[in-house]
1. Report the label-to-label distance for R115 and F36 in nanometres (one decimal), using points 7 Å from each Cα along the Cα→Cβ vector.
2. If amide hydrogens are placed 1.01 Å from N in the peptide plane, which non-local residues have theirs closer than 5 Å to the one on F40?
Amino acid sequence: FLLPVLVAWDIRLEGPLSAIAKGLICFWVVHMCACFTTGFFDAGTLHQDLQKVALHYLRTWFGFDFALLFCNVWSVAYGGKDDDYFCYQAVPYVRLLGLLRVIRLRQVLRSLWERVFDDDIL
């Protein structure tokens, strides 16, 4: 929820905002690592073999997650500096691409919702 504010008012990442942004980067790195070891369902079958899980993640969400993580890292690296004019001018557009993280978050929340409120469990 930090990204829309930064994009809307062109706020620089300094002080506490920089710390929050770096913490979010750490969170998404941990999330990506966890996705390499989290099983998945395919046609009602649970797959937990690490090789199959890793390949599934690489084929589905890895590219998207990596691109958005790159956008966040770019934003933190160049978000408060004027010394590289091109990079500084590109920051708002890269941050805007980072808003696509909402799509991924929606998918994660939907999966969690389905697991918590699954009728077979109740």
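1. Placing both labels 7 Å along Cα→Cβ, they lie 2.0 nm apart.
2. Placed amide hydrogens put H47 under 5 Å from F40.
Taken together, the values in this text are just the output of simple stated rules run on the coordinates, not laboratory data. Because the structure is a prediction, the values reported are computed rather than measured. Positions of Cβ are generated from backbone atoms using ideal geometry, with glycine treated the same way; all protein chains shown enter the neighbour counts.
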